[in-house]
Amino acid sequence: MTPVKRINKRTEKAQETRRRIIQAATELFVEDGYGATNLQDVADKAGVAVQTIYFVFGNKRALLKELVDVTIAGDSEPVATMDRPWFTEAVAADTAEELLSRFVPGSSAVLERISPIMRVLEAAVANDPEVSTLWPQDEDMRYVVQRAAAAALVTKPGARQGLTTQEAADILYAILSPELYLLLVRNRSWSHDSWVRWATGT
């Protein structure tokens, strides 16, 4: 076996271990809560030694951050939201309507993935204030994404006359918020598809 093949197999094994740990942590945090779950529980469910979790992630907070980041992205690839195909295709659309018809489902897919762990994250921050410091405090990255979409939107044919980038960004930020998604999908039992249709039309 060549050195390259050995490295590839080692990398694949490491990625699979990382994936199993994140999956196990997600299930346990959702079922039992962040505070009630310890890393030994996660290790047992993932089928790894607890030392492996410490080696790969460092601590429980870092594991939670990785879990949230991977859930938002949909995978573990180091690709920023604004460089992902669903976003770049949306902002490159020919009309405002076409932009929204691509951007809303893409954003909503993120909301659908993140919704099961929103309570986990809220409880974690309440239980351990240092959790909130794991993400940048100086700029709301969700608003950065919405503002970039809004900047493209207002230049497209079909955009409302006089609509500013800031106003469009604020509207997108409000409508495509986790809070509103959870209010209608989790609390009022809307289907995800119903949410997407409503948000796009709105």
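The values are calculated or read from the model by the stated rules, or taken from the named source; none is laboratory data. Only a predicted model underlies this, so the values are computations on that prediction, with no experimental measurement involved. Cβ placement follows ideal geometry from the backbone for every residue including glycine, while neighbour counts extend to all protein chains displayed. For the accessible areas, the whole protein counts, side chains as well, though only heavy atoms, and no ligand, DNA or RNA atoms are used. Shrake-Rupley method; radii C 1.70, N 1.55, O 1.52, S 1.80 Å.
Some values worked out for this structure:
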item: Test: residue in the stretch 57-77 that is more than 17 Å from the chain's Cα centre (by Cα) and touching a residue at least 40 places away in the same chain (Cβ under 8 Å); result: no
item: Segments classed as helices (runs of 4 or more DSSP H), wholly inside the stretch 1-118, with at least 2 members that are open to solvent by 70 Å² or more (accessible area, probe 1.4 Å); result: 3-32, 39-46, 50-57, 85-91
item: Close pairs from the stretch 6-26: first farther than 13 Å from Ile53 by Cα, partner surrounded by 12 or more Cβ atoms within 10 Å (Cβ to Cβ), Cβ under 6 Å, at least 6 apart; result: Thr26/Leu67
item: Matching residues, the stretch 123-140, being in a helix (DSSP H, G or I), exposed (fewer than 13 other Cβ atoms within 10 Å of the Cβ) and without any contact (Cβ under 8 Å) to a residue 60 or more places away in the chain; result: Ala126, Pro129, Ser132, Thr133
item: Lone qualifier among Leu184, Leu180 - being open to solvent by 40 Å² or more (accessible area, probe 1.4 Å), in the same structural domain as Ala90 (by the TED database) and farther than 16 Å from Val91 by Cβ; result: Leu180
item: Qualifying position, being in a loop (DSSP other than H, G, I, E, B) and touching a residue at least 60 places away in the same chain (Cβ under 8 Å), among Gly162, Gly158; result: Gly158
